[in-house]
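**Q** Here you go, one structure.
What follows is calculated from the coordinates using simple rules that are stated; it is not laboratory data. These numbers were taken from a predicted model, which means no experiment stands behind them. Heads up, the Cβs are rebuilt from the backbone with ideal geometry, glycines too, and the neighbour counts pull from every protein chain shown.
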Amino acid sequence: MKTKILICVAVISRFAVLAPSTRLTAQDPPGPAHYRVIDLGTLGGTVSSGNAINNAGWVTGSSDEAGDAVQLAALWVDGRQIPLGTLGCPSSDVGWPVKNNFGIISGISENGKHDPLNESFSCPVFGLVSGNSCEAFVWEFGTIKQLPGLGGNNSIGGGNNNLGQIVGWAETSVFDPTCDNSAGQFLQFEATLWQRDFGSGKWRVSELPPLPGDPDSAATAINDRGQAVGISGTCDVAIGAFSAIHALLWENGTPVDLGNLGGHGWNTPGAINNRGVITGFVNGPNDLIDGQIQFRFLAFIWTKENGMQSLGTLPGLNGTPDAMSEATDINDEGQIVGVSFADFEFDGARAFIYQNGGMTPLNSLIGSASANWDISSTGGINDQGEIAAQANVISGGVVTSVAHAVLLIPSGPDDLESHAELKPYAIPPDVQKQMRRQVRIGRFLLRVKPA
C-alpha cells in the first residue's frame, strides 16, 4: 500500500507542472544541450536498461536481480527503483515507448507456464528465455495484470499513450504456413490495440490489420492522437526480418505503407510523436545474400510531407562513417535519439541525438562531471529533453562495467565543459562478451553474438 500511495502522490504532483505537450506545430528545437548523467542502478545484478521515459520523468525498462538470472520490468521515479513484478515467473520487461503520464505502464512478462508448442515467439529477444509463454501486461499503481490475447499462447505489450491505449502483438490460434517451423514458430500473430471498457473496467483487445496481402503484423508505439506504428509481413520467426517487410502507420485502424530505403525486411518504426512524425530503423540496400536477410539498419525519419528519409550514421572514430544506425524515440520537439554502430556486427555502439538536421554523439555532450560514463545506447526522450539510456562505466580509459540504466538531464550553460575530444575506450574481453549479450536492436534484445 505504501508503494501505491507514493506513486499516486508522484503522479499528481509532477503531472501538475509536466502535462503532456499539445504543441503540434513544427518548430526547430534548440541546439544540443550538455547533459548530466544519473546512474539509476540495478536490482542487485550487473545490468539494467532505461528503455522509455514519459513527460513526468518516469523511466521504465528492465533490471537484473543479483546473479543476473532474473530480469524484472522496472520503474525509476523520484530516485526510487520499483520492480513491477511478473505474471508468473521468472522475468519481465518494458521495451517500447511508454508515454502515459497517469501511471499506466505496459510490457511483457513470462507467465510461469511452459509454452505448449515449444515456441520461443518474440520472448527471448526481450530477455525472457525460460521457455515459458510470455504475455502482455498492464501495470497500474502497484498492480500487474495480464492483458487479453487473441487465442494463441503468447503476446507482447508495446507502447502506450495518455488516452490509456496500449499496442503490441499477439498470437492467434491459426497455424500459419509462412511461419518458420524449423525455428520453432507455428502460430500467426497480429498487431493489437488494448483499451479499457469503461462500463466494466476490463481491458478489451482488438486487431490492427496487416497491409493487404501480409498474413502477420505487430504494433510498437502509439501517440495521443491514436496513430499507431508497427510492421507487417510473413510470420517468419516472429522477430523482425521478413516479419517486417513493411513499415506501417495505422490511422483510424487502416494500415498505411511508409515505404522503405531499399531493404527487404527489418523495416521497423519504433516511435511516433504527437505531430505524426515517425522514427525507427529500416534495412538499406543489398540486404539479401543467397536469400538470407542481413542486418543493414539505417535510422529514419518519416513525415507525411516528405516520406521516409535516412538519418545517416555518426562519423567513425577512425575517420570512416559508421555502418549502421537505429532510432529509438522521438519527442514532440522533433529531437530523435538512437544508436550508431561501427560495423554490421553491432560493434562500436554509440548513442546519438538528432536535431536540426544533424546527428551528434551523446558522449560529446556529457559534462565533465559525468565524464566517467560511456553512453552506449538510448531508450526514450521526453518533451523536456530528458533521455533514458544505457551506459558503461569508464575508469582510466577502460570500460570496467557495463549496461546500467541512466537518466540524462539537460544542463544549463554554466555546466562544466564537455569532453574536448572523443577517443575509443579499451574494452576487456570479458566485458565485450557481456556487452554483446545486451545489444538493443529496435527495442529488441538480440543475442547477435552468443558467447
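**Q** Are there trypsin sites (Lys or Arg not before Pro) in the stretch 153-219 that DSSP marks as loop and that have at most 16 other Cβ atoms within 10 Å, and which are they? Before the final figure, lay out each step's value.
**A** Details: sites: R196, K202, R204; in loops: K202.
Answer in residue order: K202.
**Q** Further question: Tell me, what ³J(HN,Hα) does each residue in the stretch 315-324 have, in order and in whole Hz, if you take phi through Karplus 6.51 cos²θ - 1.76 cosθ + 1.60 with θ = phi - 60° and put x for Gly and Pro?
**A** These are the phi-based 3J(HN,Hα) values: x, x, 5, 9, x, 9, x, 4, 7, 9 Hz.
**Q** Which net charge results when you count Lys and Arg as +1 and Asp and Glu as -1 among the other residues whose beta-carbon is under 13 Å from that of K113? The partial results should precede the final answer.
**A** On the way: positive: none; negative: E110, D115, E119, E135.
Around K113, the charge tally is -4.
**Q** Right, another one. Can you list which of the chymotrypsin sites (Phe, Trp or Tyr not before Pro) found in the stretch 123-202 are DSSP loop residues with at most 11 other C-beta atoms within 10 Å?
**A** On the way: sites: F126, F137, W139, F141, W169, F175, F186, F189, W194, F198; in loops: F141, F186, F198.
For chymotrypsin sites (Phe, Trp or Tyr not before Pro) across the stretch 123-202 that sit outside H, G, I, E and B with at most 11 neighbouring Cβ atoms in 10 Å, the list reads F198.
**Q** While we're here: Full extension from E207 to N356: what is 0.36 nm times the residue separation minus their Cα-Cα distance, to one decimal in nm? Each step should come with its number before you reach the end.
**A** Numbers: separation 149, 0.36 × 149 = 53.64 nm, distance 3.67 nm.
Separation in residues times 0.36 nm, less the Cα-Cα distance, equals 50.0 nm.
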